[in-house]
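In what follows, a single structure is set out as structure tokens and then discussed.
The values are calculated or read from the model by the stated rules, or taken from the named source; none is laboratory data. What you see is a predicted model, and the numbers here were worked out from it, not measured in a lab. Cβ placement follows ideal geometry from the backbone for every residue including glycine, while neighbour counts extend to all protein chains displayed. Side chains included, ligands, DNA and RNA excluded: accessible areas come from the protein's heavy atoms. Shrake-Rupley method; radii C 1.70, N 1.55, O 1.52, S 1.80 Å.
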Amino acid sequence: MEKMTDTFSKKTPARLAVRFLIVAALVLFPVLSHAAKNLIVMVPDGAGATHTTLARWVKESRRLAIDEMHVGCVRTYGADSMVTDSAPAATAFATGYKTSDKFIGVLPGPTTIPGVPPVPSHLQYKPVATVLEGAKLMGKATGLVATSNIQHATPAAYSAHWPNRSHYNEIAEQQVYQDIDVVFGGGKWYLLPQSEGGKRTDGENLLKVLRDRGVTIVETREAMLATPATRVWGLFANDAMQRDLDRAEFAPHEPSLAEMTQKAIQILSQDPDGFFLFVEGSQVDWSSHGNDPVGVVTELLAFDQAVAVALDFAKKDGNTAVLVFSDHGNGGMSIGNTQTDATYSKMSYDSVVKAIKGATLTAEGVAMKIGDNRSEAHIRNVLKQYWGIDNLTAEEVSAIQKYEGSYLSNVIAPIMSVRSNIGWTTGGHTGEDLFFYHYGVNIPTGTLENTDLAHGSAALLGFKLADVDARLYRLADDVAAQYGATVSIDKSDPENPVLVIKKGWTARFPFSKDLLILDGDVFRLKAPTVFAPNTGKVYINLEME
């Protein structure tokens, strides 16, 4: 077989040239023994031990679906903080690397936490392959499900590479060009240009890209349940979906997390090579940030219903592994607070559970019902109607009336905490080790690092992440040097830069897309081209779909 440089120097037609390029790029990708056909990873974002304990008490049966699973422990710290953000936490269990604050799918900068090895300077900020990308290379179907916008940190870490979790437009583009089979959640805004009511500033309509690639778009529960399509994006909200308890009141067209999980499994399981599915109960975390016990419990119970769906499939299938773990703690939630310092040993069941069970909206939902009408009569009526509370203090009413910020729910939530003996230490994340549940896999119980979850996931599916990374994220300068070619970046359209490699032929790699344009011919690659803004480096792959 001719070398790629010879092929190009003889000006072989572009399509034949790419064929040789693909073959030359392949590395050994062994399939490991004892691999599972399917893997479902499920994360109740921000859930700690108290969160699940309280959910058990509130549920009538006192049993959760996760209680059927084997249990261990997972550590959560990041590369530069004892208390992690969702982005580096998810990067750890998606790629096998602890990383810096707010980073998704890329290696850290300088590390500061003991036990986290430093990354050589020339590799800092490099994109690294994910479990989802490895599953794709194995020929498996892939899916993402979340109740946040799908570009949010945790699903993003499996499907994008960028040093800032808040850049949803960038993340959305990479996700679209990852060619994922099933995506369910919110986030429609970030796929549409501003001219069409979206948030994108580059003028691109990513919904059109998806449709052009044969993807069916659904926007309601009914459409999702009815579609026979095998490649589907469900975008049920412009940004995040509603909390589970609030859905019937504010967004009855949205599906539940369990319904999205069930439909995703139904679609993905049709692939004879198997599938990888990631599911997030995103808003356990948001309710914890707001110190809302109603939101925490109801979001966790909704997540647990999704776990029940996954376990039911896994038991019937016999070749599916299910992993359940949280990314970090949140809120420092406790059953018992400073009010109960002297009476904790006499705490009744009703004193904790009764008020929470009587709620029909979360604190967020109650805040929406109060809205801009801050009259005392309206506030008292709303709290009585939706929380069954008819003994608001004058101080509680006044706090609601005087609040002028963006998160009225943060003033409302303490009203329930006081009446259910729930305590909180913070409105932020916490750094404790967490429970890790698993089914269908032979994992020793004990304490794992969150990075072990990524390598374990890859092993379960039959590959090594290092092999995937070697195939998908090669430094463009090194590739060009291999062929004696020149490298430049075309910034004629600042919103859509393109890497250009030249040597008698011209290869163009648009940033954040899985496209190679070789002498005018367009080819699809296995993963998007990724720009690293911290270093100015570009990473490419040379493998055609």
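Please verify whether the stretch 360-372 includes one or more residues that are open to solvent by less than 20 Å² (accessible area, probe 1.4 Å), in contact (Cβ under 8 Å) with a residue 60 or more places away in the chain, small (Gly, Ala, Ser) and out of contact with any Leu (no Cβ under 8 Å at 6 or more places or on another chain).
yes
Report yes if THR112 is hydroxyl-bearing (Ser, Thr, Tyr), open to solvent by less than 10 Å² (accessible area, probe 1.4 Å) and part of a loop (DSSP other than H, G, I, E, B), otherwise no.
Here the answer is no, as THR112 does not meet what is asked.
At least 2 residues that are at pLDDT 95 or above and either more than 24 Å from ASP244 (Cβ to Cβ) or open to solvent by 20 Å² or more (accessible area, probe 1.4 Å) (or both) in each: list the helices (runs of 4 or more DSSP H) lying fully within the stretch 126-191 that qualify.
The qualifying helices (runs of 4 or more DSSP H) are 131-137, 168-176.
Might you check whether a residue that is within 21 Å of LEU460 (Cβ to Cβ), in contact with a Pro (Cβ under 6 Å, 6 or more places away or on another chain), modelled with pLDDT of 95 or more and not acidic (Asp, Glu) occurs anywhere in the stretch 306-328?
yes
Exactly one of (1) closer than 26 Å to ASP80 by Cα; (2) open to solvent by 10 Å² or more (accessible area, probe 1.4 Å); (3) under 21 Å from the mean Cα position of the chain (by Cα) is unmet by ALA466. Its number?
It fails just one condition, (3).
If I go through the stretch 60-87 residue by residue, how many of them are closer than 30 Å to LYS354 by Cα, out of contact with any Asp or Glu (no Cβ under 7 Å at 6 or more places or on another chain), in a loop (DSSP other than H, G, I, E, B) and at pLDDT 95 or above?
Summing the residues that are closer than 30 Å to LYS354 by Cα, out of contact with any Asp or Glu (no Cβ under 7 Å at 6 or more places or on another chain), in a loop (DSSP other than H, G, I, E, B) and at pLDDT 95 or above in the stretch 60-87 gives 2.
Looking at the stretch 379-413 only, could you name the residues that are open to solvent by 60 Å² or more (accessible area, probe 1.4 Å), in a helix (DSSP H, G or I) and under 19 Å from THR360 (Cβ atoms)?
The answer is ARG380, ASN381, LYS384, GLN385.
Could you say whether any residue in the stretch 329-340 is out of contact with any Pro (no Cβ under 6 Å at 6 or more places or on another chain) and exposed (fewer than 12 other Cβ atoms within 10 Å of the Cβ)?
Taking every residue of the stretch 329-340 in turn, at least one turns out to be out of contact with any Pro (no Cβ under 6 Å at 6 or more places or on another chain) and exposed (fewer than 12 other Cβ atoms within 10 Å of the Cβ).
Is it fair to say ALA90 is under 22 Å from THR261 (Cα atoms) and either of a type in the set (Ser, Thr, Tyr) or open to solvent by less than 10 Å² (accessible area, probe 1.4 Å) (or both)?
yes
Search the stretch 329-365 for residues being among the β-branched types (Val, Ile, Thr) and part of a loop (DSSP other than H, G, I, E, B), and hand back the single one that is modelled with the lowest pLDDT.
Filtering the stretch 329-365 for residues that are among the β-branched types (Val, Ile, Thr) and part of a loop (DSSP other than H, G, I, E, B), the one modelled with the lowest pLDDT comes out as THR343.
Applying the selection to the stretch 317-350, what residues are in contact with a Phe, Trp or Tyr (Cβ under 9 Å, 6 or more places away or on another chain) and without any contact (Cβ under 8 Å) to a residue 12 or more places away in the chain?
Within the stretch 317-350, none qualify.
Take SER406 and decide whether it is under 33 Å from the mean Cα position of the chain (by Cα) and of a type in the set (Gly, Ala, Ser).
Yes, satisfied.
Determine whether GLY427 is open to solvent by 20 Å² or more (accessible area, probe 1.4 Å), at positive phi and in contact with a helix residue (DSSP H, G or I) (Cβ under 6 Å, 6 or more places away or on another chain).
Answer is no for this residue.
Tell me yes or no: at least one residue of the stretch 482-489 is closer than 30 Å to GLN194 by Cβ and either touching a Pro at 6+ places or on another chain (Cβ under 8 Å) or not hydroxyl-bearing (Ser, Thr, Tyr) (or both).
yes
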